[in-house]
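Engineer: Sharing a structure here in structure tokens format.
The values are calculated or read from the model by the stated rules, or taken from the named source; none is laboratory data. Since the structure is predicted, the reported quantities are computational estimates derived from the model, not experimental observations. As a convention, Cβ positions derive from the backbone with ideal geometry for all residues, glycine included, and neighbour counts pool all protein chains shown. Accessible surface areas use protein heavy atoms only, side chains included; no ligands, DNA or RNA. Shrake-Rupley method; radii C 1.70, N 1.55, O 1.52, S 1.80 Å.
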Amino acid sequence: ITGKTLGKKGVKVFVPELPIPINPLIKTTGFEKAIGNISFGEPIINVSLKGKKDNLTFSGYVQLNKTHFSYPPPKGSEGSDFLRSLTKNVNFDFELRTGNDTWYENDLTVANIDGSLKFTGKPSKLTVNGKISSSRGTVNYIYHNFTIKQAVFEVIKNDCYLEATAEKAVDTKVLDKAGKEIDTSKDTIQISIDRAQIGRIAPRFTSWNNPN
């Protein structure tokens, strides 16, 4: 069995099993139900499913063009359990690639991404390798949106690593010796994450005006 899109144009896909979470800042407005969203895109597909019933191999690639998506699915999602039951005996040799205008979104992040992830083996022992980078988007930290300057997410044999830098312009108060505000000044706050394994990330904050 093979599946392939023809030409350079992808096929429109909507995935309600992968809802896109609402940004925490929007949740505070009370409009989250009105702007609910699901993952969607126009992927280019080139995949095949070959072999015997108990030894199937799913290979090829999907390139995510004009795509906005979130992952993982919500806890308790019936769709994810159903998919796992269908693929538990399938060997994967599959690559997920970004394409033109690919965006990843979750509770805290909206990022235009570039790169690929390779999936090999059966779901019970799936191995993932690859690298995804971004230099465009926002990350929400303690209810403040920072602009992504550079971010790299890398997976090496299922171990996930992150390195990132993001910035936010702010107005800071200038006080006199008595503590009275006499002026404001422009500053930029930078959040930096040195390359570290997920779960061991330690963000650092610095000010352009007061780097120490």
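Engineer: For a quick check of your reading: which strands (runs of 3 or more DSSP E) sit entirely within region 83-146 and have at least 2 residues that are under 30 Å from PHE205 (Cα atoms)?
Structural biologist: Correct list: 102-105, 109-121, 127-141.
Engineer: Please identify the pairs in which a residue from region 145-159 that is farther than 15 Å from VAL170 by Cα has its Cβ atom under 9 Å from the Cβ atom of a residue that is outside any strand (DSSP E or B), counting only partners at least 6 apart or on another chain.
Structural biologist: From region 145-159, the pairs are PHE153/ILE198; ASN158/LEU126; ASP159/ILE198.
Engineer: A further question follows. Looking at ASN106, ASN89, ASN140, ASN100, can you tell me which residue is modelled with pLDDT under 95 and touching a Ser or Thr at 6+ places or on another chain (Cβ under 6 Å)?
Structural biologist: Only one candidate qualifies: ASN106.
Engineer: Can you tell me which residue within region 1-24, out of those that are of a type in the set (S, T, N, Q) and part of a loop (DSSP other than H, G, I, E, B), is nearest to VAL139 (Cα to Cα)?
Structural biologist: Among those residues, the one meeting the criterion is ASN23.
Engineer: Do you know which residues across region 169-185 are assigned to a loop (DSSP other than H, G, I, E, B) and open to solvent by 90 Å² or more (accessible area, probe 1.4 Å)?
Structural biologist: If the condition is that a residue be assigned to a loop (DSSP other than H, G, I, E, B) and open to solvent by 90 Å² or more (accessible area, probe 1.4 Å), then LYS177, ALA178, LYS180 are the ones that fit.
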